[in-house]
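What follows is a short report on a single structure.
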Amino acid sequence: KLPEGIVIKEVGPRDGLQNEPELIGTQDKIEWINHLSSTGLSYIEITSFVHPKWIPQLADALEVAKGIHRNKDITYAALVPNQKGLERALSANIDEVSVFMSASETHNQKNINKSIKETYPVIEEVIKNAKRHHKSVRGYLSTVFGCPYEGKVSVKDVITISKTLFDMGIDELSIGDTIGVANPRQVERVLIEIREHFQQNHIALHFHDTRGTALANCLTAMQLGFDTFDSSLGGLGGCPYARGASGNLATDDLIYMLHGMGISTGVDEARLKEAAIYIQQKLQKSLSSHQMEIMNQG
Ligand code: HMG
Ligand code: MG
């Protein structure tokens, strides 16, 4: 039996934009997020308080977070790697803080300049201090289905790290297919294991569509009862510190499939399309989702 409704967590303004080489204006980002706020989405990851040298596109995180019009029914979240990032995020009064690390040693090192072991105390401090400020905390675990440097990733390691993050106090864990290599059988195998160890309603799935398998992976996860998915409008996105990690699962394609199946999301497709057209114009390039491809062909 499939879930009747799905929660979509829009990560376009963060995961989508972080991989764009051409700098987008701060005001354009703010307006795009305001567009997204009018679509019915309940959660938007708006930016990232990482080191601006590592992600130049999101160097204006504070201005964006302070500049958007906040709808009280929407959770506005941002990526936070360490205490320094948390201080910046708190000064913008972000609703939810997202900590992140990888299930594979090499990607963790390349992405956040630390071993997995060295990362734990840094994240623990962020979680503790975020909670002190009454913020909810989301954890991301990357490279769960494969690492661009190490290849296969052990499910045992995924469980161990996930358990550590939950023990530190995260409220939700987002399981990431950072480079879009997962297939439905693998997703089934990993998620059955995850479901045995953690409460299912505290797990989200974060698929990238690099090889075209993201929707199939979502359907598999839904068949197992998972109901929360991260996606990026128009299929923008990827991690610059994971070779070949292009294309997040496109929000518009996911919603097309879900609504067609009679599964609710709360999102208005026409408004979502307007938001996609807006950012497509600002980026001056065609967005890669199927929905936008059809629209662009007229
Ligand atoms: P580092 O160089 O090791 O940092 O970078 P450090 O702690 O040694 O500090 C060095 C200097 O940076 C210090 O300044 C700090 O104050 C400053 P100095 O004393 O030399 O003047 N600094 C900061 N400044 C502003 N904001 C900060 C900050 N932190 C330190 N937050 C660090 C470590 C983690 C900061 C760096 O590696 C980094 O920013 N990495 C982020 C990489 C990234 O954003 N990757 C993409 C996101 S992850 C992803 O896409 C995957 C995901 O989508 C899920 C999936 O798909 O699987 C989430
Ligand atoms: Mg991602």
Could you list Asp73, Asp177, Asp60 in order of exposure, starting from the residue whose Cβ has the fewest other Cβ atoms within 10 Å?
Asp73, Asp60, Asp177
The range 1-121, relative contact order [Cα under 8 Å, separation at least 6], %:
22 percent
For a quick check: with amide H placed at 1.01 Å from N, whose amide H comes under 5 Å from Ser174's, ignoring anything fewer than 5 positions away on the same chain?
Gly139, Tyr140, Leu141, Ala204
Asn296/Met261 FRET efficiency (R0 35 Å; Cβ-Cβ; nearest 0.05)
0.90
Value of [θ]222 nm, deg cm²/dmol, for the chain, DSSP H segments ≥ 4, -39500 (n - 2.57) each, nearest 500:
-12500 deg cm²/dmol
Checking Gly139, Gly266, Gly151 against a Gaussian network model of the chain (alpha-carbon springs below 10 Å), the top fluctuating residue turns out to be Gly151
Among Ile279, Ile175, Ile74, the residue with the largest mean-square fluctuation in a Gaussian network model of the chain built from Cα contacts under 10 Å is Ile74
Suppose every K and R has +1 on its Cβ and every D and E has -1 on its Cβ; what is the size of the dipole of the range 111-186 about the Cα centre, in Debye to the nearest 20?
100 debye
For a Förster distance of 30 Å, can you work out the FRET efficiency between the beta-carbons of Arg243 and Ser38, rounded to the nearest 0.05?
0.25
What distance in nm separates the simple spin-label points at Gln199 and Ala216, each placed 7 Å from Cα in the Cβ direction?
3.4 nm
So the label point goes 7 Å from the Cα of His51 along Cα→C-beta, right? Which residues of the range 19-40 then have their backbone N under 15 Å from it?
none
Compute, for the range 174-281, the length of the dipole vector about the Cα centre, with Cβ point charges of +1 (Lys, Arg) and -1 (Asp, Glu) only. Units Debye, rounded to 20.
260 debye
The chain - Kirkwood radius from inverse mean 1/r over Cα pairs (Å)
18.8 Å
Selected from Lys131, Lys110, Lys53 as most flexible by GNM, with the chain as the system and alpha-carbon contacts under 10 Å
Lys53
Here the alpha-carbon Rg of the range 146-298 over 2.2 N^0.38 Å rounds to 1.09
Could you give the length gained on full extension between Asp167 and Gln284, defined as 0.36 nm per residue of separation minus the Cα-Cα distance, in nm?
37.7 nm
Beyond 18 Å (Cα-Cα) in this structure, taken from Lys53/Lys84; Lys53/Lys152; Lys53/Lys110; Lys9/Lys152; Lys29/Lys135; Lys1/Lys156, we find Lys53/Lys152; Lys9/Lys152; Lys29/Lys135; Lys1/Lys156
So if each residue of separation counts as 0.36 nm, and I subtract the Cα-Cα distance between Leu224 and Glu274, what length gain in nm does that give?
14.7 nm
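Output the Kirkwood hydrodynamic radius of the range 120-223, Cα pairs only, in Å rounded to one decimal.
Working: mean 1/r = 0.0704 Å⁻¹.
By the Kirkwood definition, the hydrodynamic radius is 14.2 Å.
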How big is the dipole moment of the chain about its Cα centre under a simple scheme where the beta carbon of each Lys and Arg is +1, that of each Asp and Glu is -1, and everything else is neutral? Debye, nearest 20, please.
600 debye
Post the alpha-carbon centroid distance, the range 191-233 to the range 94-173, in whole angstrom.
17 Å
Could you give the length gained on full extension between Asn113 and Glu63, defined as 0.36 nm per residue of separation minus the Cα-Cα distance, in nm?
15.4 nm
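Going by how many other Cβ atoms sit within 10 Å of their own, how do Ile24, Ile123 line up, fewest first? Spell out each step's value before the answer.
Values: Ile24 17, Ile123 23.
Result, fewest neighbours first: Ile24, Ile123.
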Among Gln199, Ser42, Val122, the residue whose Cα sits farthest towards the positive end of the charge dipole of the chain, when +1 is placed on the Cβ of each Lys and Arg and -1 on the Cβ of each Asp and Glu, is Val122
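Computed from the coordinates by the stated procedures, all read-outs in this text should not be read as laboratory data. Just so it is clear, the structure is predicted and the values come from calculations on it, not from any experiment. Cβ: placed from backbone, ideal geometry, glycine included. Neighbour counts: every protein chain shown.
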